[in-house]
Every structure is written in C-alpha cells, then in structure tokens.
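> What follows is a single structure, and I will ask about it in a moment.
Read the figures in this text as sums done on the coordinates, not as results from a lab. Bear in mind the structure is a predicted one, so any value in this text is a computation, not a measurement. Heads up, the Cβs are rebuilt from the backbone with ideal geometry, glycines too, and the neighbour counts pull from every protein chain shown.
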Amino acid sequence: MLSRILRRFILQPKVHRGKHNAQGFRFAIVVSRWNDMLTSRLLDGALDALESSGADESSVEVFKVPGAFELPLASLKAAESGNFDAIIALGIVIRGETPHFDFVAGEAAKGINQVGLKTGVPVMFGVITADNVDQAMNRSGLKAGNKGYEAAMSAIEVASLFAQMAAGEKRVRADEKVFPHVV
Ligand code: INI
C-alpha cells in the first residue's frame, strides 16, 4: 500500500489500456465444427460479447472450419485479407477423444500464435483444451464461464489498444517533421 502511494509521487508513466468498446472495429470469428454442440456455444458467447460491446452486425464475419487443426490457416487468410482488426479463433479439443490430442491442440495453439506474429493482426486463442467432455462443457458456458465470450472481450481490448498504439506512432512521426534538417 505504502509503496503504491510512494510510486505515485515518483513515477507516473502514461499507461495504455484497451477499452471494451467494439464500435468501429471489424472482427472475424473462425470456429471449428468439431464438437459442434459446444463450439456453437462458444460462437454464441463471442457474438454476445461483441454485440454488448457495441459492434455493428456488418463488422463481424464468421468462418467455419472442420476442426481445430484448420483454425491457424483460416485465421491467416482472414488476417491477410486486411478486412479485420482482430480475429477470434474458437474450438474444442478433448483429450479423451483422440490419440493425437497433443498434435491437434499443440498445432492449433502454435499456429494461431504464429498468425498474429506474422501478420500483426491479433488472433485470440479461444480454444478449449480439455481432458473430458465435462470439462469442455463447463468452459463453454455451463459452469466455468464461456471461452468464446472471454476471447471476444480480449479481441476488443487488444484491437482498441493497438489502435491507440498506432495513433501514438503517427503522432511521433508527425513530431519528427519539426526538425526536417536533422537526418
Ligand atoms: N478437431 C477438433 O477440433 N477437436 C478434436 O477433439 C479433434 N479430435 O478429437 O480429433 C479434432 N480433430 C480433427 C482435426 O482438427 C482436423 O480437422 C482433421 O485432422 C483434418 O485436418
């Protein structure tokens, strides 16, 4: 507590944080049809988050893929289209259902992260990796939150933060023109 008060007197950096206001941003939701009964709940959760945060209907598009393994490539296509400020990848991989759980879940996670790093378009990891169906159900809106809702809220926050950062960069570039003689 004391250190927090002291810090206020010493250092007051400008803190940037995204707002949960989706207005003006465009979103792609890429959703896996595998475990469709549950991934449709994730999609509902994501749409709920976007709508309640002010997103326009025309600024949200949904792309359906067969399974979580296809999420990275579909996300890459969406990112490269230049039509979206953020992408929300949704899926469910259940350990009990496949001997190649680690491959599907691992490649989905790695691939989704790579899309963001490669394109600069933020891609949210809204993929539930669960040991069993009960766990997956709980995290798709039944008990322990809805991963789709959470991913969409994160997408809004990050899109907003990146817009602030881009505006800051533009300001810095404009300031540089004050000294045109300095190379
Ligand atoms: N895809 C999933 O999204 N979840 C799973 O649990 C799953 N299992 O159990 O295998 C799964 N497999 C399909 C995979 O994502 C691809 O669609 C398929 O291998 C074709 O590339």
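> Tell me, Glu157, Glu169 in order of fewest to most beta-carbon neighbours within 10 Å?
Glu169, Glu157
> Based on DSSP, what percent of beta bridges with both residues in the chain are antiparallel, to the nearest 5?
Close to 5 percent.
> When a/c is below 1.5 the answer is rounded, else prolate if a/b is larger than b/c, else oblate, so apply that to the range 1-80 with a ≥ b ≥ c taken from the square roots of the Cα gyration tensor eigenvalues.
Note, shape of the range 1-80 comes out prolate.
> Give the peptides 23-31, 131-139 in descending order of average Cβ contacts within 10 Å, highest first.
23-31, 131-139
> Work from the charge dipole of the chain (Cβ charges, +1 for Lys and Arg, -1 for Asp and Glu, about the Cα centre) and give the residue of Ser52, Ile156, Ile10 farthest towards its positive end.
Selected residue: Ile10.
> Continuing with this model, one more query. Please tell me the relative contact order of the range 7-160 in percent, rounded to the nearest whole number, where contacts are Cα pairs under 8 Å and at least six residues apart.
32
> Under 8 Å for C-alpha pairs, at least 6 residues apart: give me the relative contact order for the range 34-118, rounded to a whole percent.
35
> Give the cross-link partners of Lys110 among the lysines, using a straight C-alpha distance below 28 Å as the criterion and excluding same-chain residues fewer than 8 apart.
Once the sequence-local lysines are set aside, what remains near Lys110 is Lys19, Lys64, Lys77, Lys118, Lys143, Lys147.
> Another question about this same structure. Do the sum for the chain: with -39,500 (n - 2.57) for every DSSP H run of n ≥ 4, divided by all residues, what is the mean residue ellipticity at 222 nm, to the nearest 500 deg cm²/dmol?
Calculated mean residue ellipticity at 222 nm is -16500 deg cm²/dmol.
> Under the Kirkwood approximation applied to all pairs of distinct alpha-carbon atoms, what is the hydrodynamic radius of the chain in Å?
Value: 17.8 Å, from the Cα pair sum.
> Measure out, as a whole number of angstrom, how far apart the alpha-carbon centroids of the range 111-150 and the range 32-48 sit.
10
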